[in-house]
1. How charged is the neighbourhood of Cys65? Take every other residue with its Cβ under 13 Å from the Cβ of Cys65, and add Lys/Arg as +1 and Asp/Glu as -1.
2. Using the 2.2 N^0.38 Å rule of thumb for compact globular proteins, work out how the stretch 1-113 stacks up: its C-alpha Rg over that value, please.
3. Using Cβ-Cβ distances only, list the Cys residues of the chain with no partner cysteine under 4.7 Å, sorted by number.
4. Quick one: putting +1 on the C-beta of Lys and Arg, -1 on the C-beta of Asp and Glu, what dipole do you get for the chain around its Cα centre, in Debye to the nearest 20?
5. Can you tell which of Pro204, Leu188, Leu221 lies farthest toward the positive end of the dipole of the stretch 165-221, using +1 and -1 charges on the Cβ of basic and acidic side chains (Lys, Arg; Asp, Glu)?
6. Identify the trypsin sites (Lys or Arg not before Pro) of the stretch 263-310 meeting these criteria: DSSP loop state and at most 13 other C-beta atoms within 10 Å of the C-beta.
7. Can you pull out the trypsin sites (Lys or Arg not before Pro) in the stretch 142-234 that DSSP calls coil and that have at most 12 other Cβ atoms within 10 Å?
8. With contacts defined as alpha carbon pairs under 8 Å and 6 or more residues apart, what's the relative contact order of the stretch 91-203 in percent?
Amino acid sequence: MRKIIHIDMDCFYAAIEERENPALRCKPVAVAGRERRSVLTTANYEARKYGCRSAMPVFKALELCPQLVVVPVRFDLYHAVSDQIRGIFGRFTELIEPLSLDEAYLDVSHLQSSAAVIAREIRAQIHEETGLTASAGVSSNKLIAKIASDWHKPNGQKEVSMAEIPEFIAALPVGRIWGVGKKMGDKLRALGIETCADLQALDPLELSRRFGKWGIELWSLCRGIDTRPVVPHRIRKSASSETTFAENVQDCTALLPPLHEMLGGLTADLAASHAERGIRSLVVKLKFADFNRTTAERASHRIDPATFEELLTEAWSRGNGRAVRLLGVGVRFEDPKPSQQLDLFNAVTLDLP
């Protein structure tokens with residue numbers, strides 16, 4: 001039986017900012033870009049009491065909480081702290097699957113101690129060495145561990161044994177299942193399905209008829225069945241940069257200067273961090289004033305500003321005159337050759353403490 005831990009840092013970016021500036025403690029704090037049209041990357045628990053949340057526009061958050069302290073994003077600092085926490089994970093297992101800077105799955109099946117004891121020790125070391133708190137979920141699979149890590153936030157922990165999974169998951173809203181987003185949730189509610197127990201009443205043939213292959217996965221997930229292993233060495237498939245404008249952009253030509261500025265940053269990032277990766281295609285993303293978005297993509301093996309300009313024009317034409325609030329540029333990488341995969345694996349392995 002697997003022993004899986006899901007570690008989720010509590011309000012990670014905001015907590016780091018409070019640590020760096022103790023005057024922020026006990027105040028509603030959010031982290032966001034400097035532009036008026038930026039969105040919150042995170043909000044602390046004081047801010048959440050007012051309804052502030054991640055991905056909310058800054059102006060909306062300030063309407064809900066006029067006393068909100070908005071501090072600028074410092075990704076270099078957050079990456080450094082994340083690396084420090086990753087080092088703590090590495091003292092216990094090499095089977096670490098990061099989901100983002102502030103959360104990861106750990107497989108500790110090979111250790112004799114119980115996963116709950118290990119999770120408590122990891123959380124204690126994180127707090128002692130970084131001054132930050134983390135919450136943990138412990139179970140026999142990734143689905144249940146991730147759900148459980150949210151159970152006693154902040155600075156809490158919940159264990160769900162294999163025997164407890166059927167009762168635990170039956171009462172959960174279907175929206176707690178991995179992969180069930182708003183649209184799928186709406187479809188299920190239209191069928192009268194609110195909880196996992198409701199979903200369990202449908203047989204696999206009915207789920208397959210309604211939702212195809214995903215319906216078969218739903219049949220397993222709503223029962224707490226999840227066979228996905230912890231994958232410790234994911235290979236990045238793309239790199240990108242994007243910006244949200246302080247004012248909506250009404251003219252396509254006005255997007256050219258920020259496009260080229262972002263391409264300069266993207267080129268530098270590729271040279272510094274992904275020089276060994278081949279480029280498969282170039283991508284331009286636009287988000288319009290009504291929050292609809294579109295992506296234009298073309299095959300290419302190099303950063304070509306002229307191609308990016310053509311992709312920008314193509315994406316802009318789909319807006320039918322709508323103004324743009326966000327511009328993104330990026331590349332998709334070619335799949336690495338077996339030798340490259342081995343090199344990447346070895347590079348990551350050698351970095352483990």
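1. Around Cys65, the charge tally is +3.
2. Normalised by 2.2 N^0.38 Å, the Cα Rg of the stretch 1-113 equals 1.24.
3. Cys with no partner Cβ under 4.7 Å: Cys11, Cys26, Cys52, Cys65, Cys252.
4. Dipole of the chain, to the nearest 20 debye: 760 debye.
5. Selected residue: Leu188.
6. Arg302
7. Arg234
8. 14
Rule-based calculations on the coordinates, nothing more; no lab input. No experiment lies behind these values; they were computed from the predicted model shown. Every residue, glycine among them, receives a Cβ derived from its backbone with ideal geometry; neighbour counts consider all protein chains shown.
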